[in-house]
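These notes are about the structure you will find just below.
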Amino acid sequence: MEKIKMEIAGEISLSDDPGATMRKWREIFNISQVELAKHLGITVSTISDYEGNRRKSPGTGVVKRFVNALFDIDQVKGGEISQKFREREKPVSEYFEVHEFARSITLKDFVGLIEGKALTNADLLDTKKIYGYTLIDSIKVILDMPFSYFQNLYGNVNERVFIFTGVSTGRSPFVVVRVSSSKPSAVVLHNIDPAKVDRLALKISERERIPMIATSMSIDKIKEALNRI
């Protein structure tokens, strides 16, 4: 959390309009001038003067007290905003792993290596080239991952396979793919019963021309096989 505090303090200190930046962050934390003034032991008019640039630019000491106050007040109110920042600080490895290949392989070879079965768009297996894969914890990505992380799923190139773990019907992964501006070359649903795949997921896969692949090979064996490439 200290890193986030330093970023906010730096933004205020370097801003051409520090008062407006202070007001922006106070509003982001949903804290009133009255609440902030009471916590800092100063008058509301002092807060108003800083935000209106009617006082000289705040020094580092004032900015530090201001930023700490935002987080302190937020904690008293339940810590909702602070929690969002904590989520942002989590490493991407908590949600997904990006792996790049030293050379390209066909999607057909990829499917063979993971002992998979194409459930849709099997005609594309011979022509699609793959340059890597991303192993994705579907539950964490869909429920918890900050939106700003999504583009990182693609690593260096889009010509890659998304391997989703923790899936039950496959609907959520394909809804995510459907609304994304970038698309993977194929989607693997790990340890799923092909008979239970959601119809909407199948339709999205076919419409987007993104092969859906099922495999029950263990994740450790999948990584062992693919990381040799």
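Consider region 194-229. How many of its residues are within 21 Å of S182 (Cβ to Cβ) and either of a type in the set (G, A, S) or without any contact (Cβ under 8 Å) to a residue 60 or more places away in the chain (or both)?
Residues meeting the conditions: 7.
Condition test on A9, is it assigned to a helix (DSSP H, G or I) and under 27 Å from the mean Cα position of the chain (by Cα)?
yes
Given (1) surrounded by fewer than 16 Cβ atoms within 10 Å (Cβ to Cβ); (2) in a helix (DSSP H, G or I), where does W25 come up short, assuming only one miss?
With respect to (1) surrounded by fewer than 16 Cβ atoms within 10 Å (Cβ to Cβ); (2) in a helix (DSSP H, G or I), W25 is out only on (1).
Could you please find all residues in region 28-40 being buried (at least 18 other Cβ atoms within 10 Å of the Cβ) and more than 28 Å from the chain's Cα centre (by Cα)?
E35, L36
Does L125 satisfy being more than 17 Å from G112 (Cβ to Cβ), among the hydrophobic types (A, V, I, L, M, F, W, C) and assigned by TED's automatic domain parsing to the domain that holds G112?
It is false that L125 is more than 17 Å from G112 (Cβ to Cβ), among the hydrophobic types (A, V, I, L, M, F, W, C) and assigned by TED's automatic domain parsing to the domain that holds G112.
Of the numbered conditions (1) modelled with pLDDT of 95 or more; (2) crowded, with 16+ Cβ neighbours inside 10 Å, E224 satisfies every one except a single condition; which is it?
Result: E224 fails condition (2) only.
If you check I31, I73, I12, I8, which single one turns out to be touching a Pro at 6+ places or on another chain (Cβ under 9 Å), in contact (Cβ under 8 Å) with a residue 12 or more places away in the chain and either under 30 Å from N152 (Cα atoms) or of a type in the set (A, V, I, L, M) (or both)?
I12
Could you check how many residues of region 167-187 are over 15 Å from A201 (Cβ atoms) and either part of a helix (DSSP H, G or I) or more than 16 Å from the chain's Cα centre (by Cα) (or both)?
Selection size over region 167-187: 1.
Which of the residues belonging to region 91-145 are of a type in the set (D, E, K, R) and touching a residue at least 24 places away in the same chain (Cβ under 8 Å)?
Selection gives E94, E97, E100, R103, E115, K117, K128, K129, D137, K140, D144.
Go through region 35-121 and tell me which helices (runs of 4 or more DSSP H), entirely inside it, have 2 or more residues that are out of contact with any helix residue (DSSP H, G or I) (no Cβ under 6 Å at 6 or more places or on another chain) and under 21 Å from A20 (Cα atoms).
44-51, 60-76
Return the only residue of V177, V167, V141, V188 being touching a strand residue (DSSP E or B) at 6+ places or on another chain (Cβ under 8 Å) and either of a type in the set (D, E, K, R) or over 30 Å from K84 (Cβ atoms) (or both).
V188
Answer yes or no as to whether F164 is in a strand (DSSP E or B), more than 20 Å from R228 (Cβ to Cβ), of a type in the set (F, W, Y) and modelled with pLDDT of 90 or more.
Yes; evaluated as a whole, the condition is true for this residue.
Among the residues of region 167-184, are any in contact (Cβ under 8 Å) with a residue 24 or more places away in the chain, closer than 16 Å to A225 by Cβ, of a type in the set (F, W, Y) and crowded, with 21+ Cβ neighbours inside 10 Å?
Within region 167-184, none of the residues are in contact (Cβ under 8 Å) with a residue 24 or more places away in the chain, closer than 16 Å to A225 by Cβ, of a type in the set (F, W, Y) and crowded, with 21+ Cβ neighbours inside 10 Å.
Does region 193-215 hold any residues that are among the β-branched types (V, I, T) and either within 23 Å of the chain's Cα centre (by Cα) or surrounded by fewer than 22 Cβ atoms within 10 Å (Cβ to Cβ) (or both), and which are they?
Correct list: I204, I210, T215.
Among the listed residues I210, I229, identify the single one that is modelled with pLDDT of 95 or more and out of contact with any Cys (no Cβ under 9 Å at 6 or more places or on another chain).
Being modelled with pLDDT of 95 or more and out of contact with any Cys (no Cβ under 9 Å at 6 or more places or on another chain) holds for just one of I210, I229, which is I210.
The values are calculated or read from the model by the stated rules, or taken from the named source; none is laboratory data. Remember, it's a predicted structure, so these values are computed and weren't measured experimentally. Don't worry about glycine lacking a Cβ; one is built from the backbone with ideal geometry, like all the others, and counts go over all protein chains shown.
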